[in-house]
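Working notes, beginning with the structure itself.
The values are calculated or read from the model by the stated rules, or taken from the named source; none is laboratory data. Remember, it's a predicted structure, so these values are computed and weren't measured experimentally. Glycine gets a Cβ as well: all are built from the backbone with ideal geometry, and neighbour counts include every protein chain shown. Surface areas here come from the heavy atoms of the whole protein model, side chains and all, with no ligands, DNA or RNA. Shrake-Rupley method; radii C 1.70, N 1.55, O 1.52, S 1.80 Å.
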Amino acid sequence: MSKYFSHATICNQGHKHASAKEAKRCSELSLMVKAGVITNLKQQPEFVLQRAFKYRGKTIREIKYRADFSYYDVGKKKFIVEDVKGGLATRTEVYMLKKKMLLYIMRDREDFEFFENI
């Protein structure tokens, strides 16, 4: 079991989540899909923030950001990346750095929005 699911909670859809809050949000988003409010719901989508590269003969691994959800909001006409947090204390330095990198990469996309569900 990965570090993301060490204390997994199962949502109404049968998916594993890192917290009860995240599982509840998955159930809400699933209802929104059924209602046609959002489309293309993905769980644990990964975004490459920096590609792998060679440095003095060694391969340096890519840096990825894994969000909790991504989906297309039909009303807003925007691609949403959403991360569910239990509180401000769960916003680690690594998380904040990766979030900034993602926002930098997506900065010019008018159809993109980041949503931090705290």
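Quick notes on this one:
Yes/no matrix, rows are residues, columns are (1) surrounded by 12 or more Cβ atoms within 10 Å (Cβ to Cβ); (2) more than 22 Å from CYS11 (Cβ to Cβ):
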{"site": "VAL33", "(1), (2)": "yes, no"}
{"site": "GLY36", "(1), (2)": "no, no"}
{"site": "PHE47", "(1), (2)": "yes, yes"}
{"site": "GLY57", "(1), (2)": "no, yes"}
{"site": "VAL94", "(1), (2)": "no, yes"}
{"site": "LEU97", "(1), (2)": "yes, yes"}
{"site": "PHE112", "(1), (2)": "yes, yes"}
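- Subset of the range 59-74 (residues that are open to solvent by less than 70 Å² (accessible area, probe 1.4 Å) and either touching a Gly at 6+ places or on another chain (Cβ under 7 Å) or more than 21 Å from ALA20 (Cα to Cα) (or both)): ILE60, ILE63, TYR65, ASP73, VAL74
- Taken together, the residues in the range 32-48 that are outside any loop (DSSP other than H, G, I, E, B) and more than 13 Å from the chain's Cα centre (by Cα) amount to 7.
- LYS24, sole failed condition from (1) more than 22 Å from THR90 (Cα to Cα); (2) part of a helix (DSSP H, G or I): (1)
- Restricting PHE79, PHE53 to those that are aromatic (Phe, Trp, Tyr) and touching a residue at least 24 places away in the same chain (Cβ under 8 Å) reduces the list to PHE79.
- Filter result for ILE80 (surrounded by 12 or more Cβ atoms within 10 Å (Cβ to Cβ) and more than 15 Å from the chain's Cα centre (by Cα)): no
- Whichever residue in the range 99-110 is part of a helix (DSSP H, G or I) and among the hydrophobic types (A, V, I, L, M, F, W, C) and, among such residues, is surrounded by the most Cβ atoms within 10 Å (Cβ to Cβ): LEU102
- Test: ALA52 is within 21 Å of ILE118 (Cβ to Cβ) and either surrounded by 13 or more Cβ atoms within 10 Å (Cβ to Cβ) or not hydroxyl-bearing (Ser, Thr, Tyr) (or both): no
- Residues within the range 59-109 that are under 23 Å from LEU29 (Cβ atoms) and of a type in the set (Asp, Glu), tallied: 4
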